[in-house]
Amino acid sequence: MIPTFIVVNAGSSSLKFQVFEQPDGAEARLVWKGLYEGLGGASHFLVRDPSGAKLDETTWSAEDGVGHEEALMHLVSWLSQYREERKLIAIGHRVVHGGETFSGPVLVDETILQTLETLIPLAPLHQPHNLEPIKIVRRRLPGMPQVACFDTGFHQDQSSLVTMFALPREMRERGVRRYGFHGLSYDYIASVLKDYDHGLAEGRVIAAHLGNGASLCALKGGVSVATTMGFSALDGLPMGTRCGALDAGVVFYMLREMKLSLENAERLLYTKSGLLGVSGLSNDMRTLRANAAANADARNAIDLFVYRITREIGSLVAALGGIDGLVFTAGIGENDAATRAEVIAALGWAGLALDEAANASGGPRISSGSGPTAWVIPTNEELVIARQTWSVLGAAQDKLAS
Ligand code: ADP
């Protein structure tokens, strides 16, 4: 039997999954990947093999009432048809917030689950959706080991100075501090730097995770020393629909002068701002690029995105005391050569120079000259969850055996 596990990334109406098998002593290997979308309404299941070829697909009408529970049970029974000599041994979950308690992945039991629920106020829009499948599996597949892997964990080595807000001490004691997110992505990037350039793995690197959510992380010797996201995933760079760093005075203005309710103010900052809010057109970089020549607002949105990235890179260069390498990753970072070119053009002062041909063809190395290097490295958050799940299971078994 080949040990196999599912990696789950659950949102409010979606459930993305990847299935990995774990050959003896080797890296986890992707077997299938897919998603359920539209959960709670008309919903859709799609699964592909690692090459991206479609393997199976199902649709349900709104009346079928397929939610997260039905989706998870459907996935487990789908797997049992296909699994051949594989044995499902665990489920690994992406969980956005580990708070101050969890700096690494953890095997979930009732006490851990309760602790994770106490962290909901730190990420009210995401944490409940991440915990829902954990609760479902505990109910429907009791005894199935589950591992929670955190977006915040990778940043937990940052010094207390770096994570501090200039607020009264009682706020800090309540857990109001910078946490940072996208940690699973940065963990992956840090783990593969050596495969691209050995010196980079030891050096001062800024990783730019530019997707619908966007952030930067300063890595020194592969360890996170600063990042642009803070207490929430709203801070730092402008994103697809999130505003990024914002003067807190704007929030008071929205509440006092515009009389927005708390919910509407939150919605505005999380879902109506960023590239979408500035362009009035789309949160999707492809649409903005396609319209930028004719539409000044689309151009403005892109320009602001690039400007904020380059300013924040300047701040992280200061935090690192210099820069040896810049890594682009996630949807925009991996695919949008124009954004990469515009960012690097604004970083000439730091010695970065673009290799246009390499950038156009997607790298991996996209810099020229003898200054800091620039790279395109596709991220793989699911593989990090697979690695973490396996290591937690191994540690738990060792503990039982000893
Ligand atoms: P998420 O944070 O939801 O995982 P992704 O990492 O998939 O997001 O990134 C989504 C973003 O990547 C969107 O803005 C999308 O337009 C952009 N993107 C994807 N492919 C391309 C492409 N070929 N060119 C430009 N932008 C792209």
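Some points to look at:
- In a residue-by-residue description of segment 12-20, the property of being within 21 Å of GLN146 (Cβ to Cβ), of a type in the set (Phe, Trp, Tyr) and touching a residue at least 24 places away in the same chain (Cβ under 8 Å) applies to at least one position.
- Subset of segment 103-141 [modelled with pLDDT of 95 or more, outside any helix (DSSP H, G or I) and under 17 Å from the mean Cα position of the chain (by Cα)]: GLY104, PRO105
- Taken together, ARG242, ARG204 contain a single residue that is basic (Lys, Arg) and crowded, with 24+ Cβ neighbours inside 10 Å, which is ARG242.
- Residue among ARG340, ARG387 that is within 26 Å of ALA292 (Cβ to Cβ), basic (Lys, Arg) and assigned to a helix (DSSP H, G or I): ARG340
- Test: residue in segment 318-325 that is in contact (Cβ under 8 Å) with a residue 40 or more places away in the chain, more than 16 Å from the ligand (Cβ to nearest atom), surrounded by fewer than 20 Cβ atoms within 10 Å (Cβ to Cβ) and assigned to a helix (DSSP H, G or I): yes
- Residues within segment 250-261 that are surrounded by fewer than 16 Cβ atoms within 10 Å (Cβ to Cβ) and under 22 Å from GLY236 (Cβ atoms), tallied: 3
- If only residues of segment 345-384 that are assigned to a helix (DSSP H, G or I) and surrounded by 15 or more Cβ atoms within 10 Å (Cβ to Cβ) are counted, the one that is farthest from the ligand (Cβ to nearest atom) is ALA350.
- For segment 280-298, the criterion of being more than 16 Å from the ligand (Cβ to nearest atom), crowded, with 17+ Cβ neighbours inside 10 Å and modelled with pLDDT of 95 or more is satisfied by no residue at all.
- Scanning segment 270-279 for residues that are assigned to a loop (DSSP other than H, G, I, E, B) and either surrounded by 17 or more Cβ atoms within 10 Å (Cβ to Cβ) or within 15 Å of the ligand (Cβ to nearest atom) (or both) yields a single hit, SER273.
- Boolean, ILE302 is aliphatic (A, V, I, L, M) and within 15 Å of the ligand (Cβ to nearest atom): yes
- Of all residues in segment 48-84, those that are part of a loop (DSSP other than H, G, I, E, B) and closer than 22 Å to PRO3 by Cβ total 4.
- Output for segment 331-344, where each listed residue is within 7 Å of the ligand (Cβ to nearest atom) and either at pLDDT below 95 or surrounded by fewer than 23 Cβ atoms within 10 Å (Cβ to Cβ) (or both): GLY331, ASN335, ASP336
- Residue that is nearest to the ligand (Cβ to nearest atom) [pool: residues in segment 221-234 that are assigned to a loop (DSSP other than H, G, I, E, B) and touching a residue at least 40 places away in the same chain (Cβ under 8 Å)]: ALA233
- In the set (1) part of a helix (DSSP H, G or I); (2) within 16 Å of the ligand (Cβ to nearest atom); (3) hydrophobic (A, V, I, L, M, F, W, C); (4) within 17 Å of the chain's Cα centre (by Cα), PHE328 fails one condition alone, (1).
- Those residues of segment 1-32 which are in a strand (DSSP E or B) and charged (D, E, K, R), in sequence order: LYS16, GLU21, ARG29
The values are calculated or read from the model by the stated rules, or taken from the named source; none is laboratory data. All figures in this text were calculated on a predicted structure; none of them were measured in a lab. Because the Cβ atoms are built from the backbone with ideal geometry, glycine has one as well, and the counts that use them run over all protein chains shown.
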